[in-house]
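Peer 1: Sharing a structure with you now.
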Amino acid sequence: MLVADWILRVIHWGSALVGLFAFVHALLQRADAYSAADRKTKPIWMLITGGSTLALVLFQIQGPGFIFWVPAMAAALVYIVDVRPKLIEVQRGHRNW
């Protein structure tokens, strides 16, 4: 097997783990924290992160599935870099250092 095939396989399963992390984090958060953080509701984020995880597992980065892989990866990353920090901030309380 070529090195490129191994790299694509690592990217595929690594992205699936990113999606799974986003889904599990969304699952474990309190429902009221989403509205307090001025984000969509918990069920919506559960659908978004769950659907993106499913798409990341089913579709690979190469081939025609790429058209589904890219928005799925984007959705998982939006949760991780935008929603997750706000939820953590709301649940811990804002600190002025």
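The values are calculated or read from the model by the stated rules, or taken from the named source; none is laboratory data. The model shown is predicted, which means the values in this text are computed figures rather than measured ones. Reconstructed Cβ throughout: ideal geometry from the backbone, glycine too, with neighbour counts over all protein chains shown. Heads up: the accessible areas ignore ligands, DNA and RNA and are worked out on the full protein's heavy atoms, side chains in. Shrake-Rupley method; radii C 1.70, N 1.55, O 1.52, S 1.80 Å.
Peer 1: Sort out which residues of the stretch 46-87 are out of contact with any helix residue (DSSP H, G or I) (no Cβ under 8 Å at 6 or more places or on another chain), modelled with pLDDT of 95 or more and aromatic (F, W, Y), and write them in order of number.
Peer 2: none
Peer 1: Please go through the stretch 45-63 and give me each residue that is part of a helix (DSSP H, G or I) and open to solvent by less than 70 Å² (accessible area, probe 1.4 Å), ordered by number.
Peer 2: Residues satisfying the conditions are W45, M46, I48, T49, G50, G51, S52, T53, A55, L56, V57.
Peer 1: Mind checking which residues of the stretch 31-44 are among the hydrophobic types (A, V, I, L, M, F, W, C) and either without any contact (Cβ under 8 Å) to a residue 40 or more places away in the chain or open to solvent by 90 Å² or more (accessible area, probe 1.4 Å) (or both)?
Peer 2: A31, I44
Peer 1: For the stretch 5-22, name all the residues that are free of Cβ contacts under 8 Å to residues at least 40 places away in the same chain and under 14 Å from the mean Cα position of the chain (by Cα).
Peer 2: Within the stretch 5-22, W13, G14, L17, L20 meet the criteria.
Peer 1: Let me ask something else. Based on what the data block shows, is L28 of a type outside the set (F, W, Y) and in contact (Cβ under 8 Å) with a residue 12 or more places away in the chain?
Peer 2: no
Peer 1: If you don't mind, another one. If V90 passes every condition in (1) in contact with a Phe, Trp or Tyr (Cβ under 7 Å, 6 or more places away or on another chain); (2) part of a helix (DSSP H, G or I); (3) at pLDDT below 95 but one, which one does it miss?
Peer 2: Condition not satisfied by V90: (1).
Peer 1: Would you pick out the residues in the stretch 1-44 that are hydroxyl-bearing (S, T, Y) and not in a helix (DSSP H, G or I)?
Peer 2: Within the stretch 1-44, T41 is the sole residue that qualifies.
Peer 1: May I ask you to list the residues in the stretch 64-92 that are among the small types (G, A, S) and surrounded by fewer than 19 Cβ atoms within 10 Å (Cβ to Cβ)?
Peer 2: G65, A74
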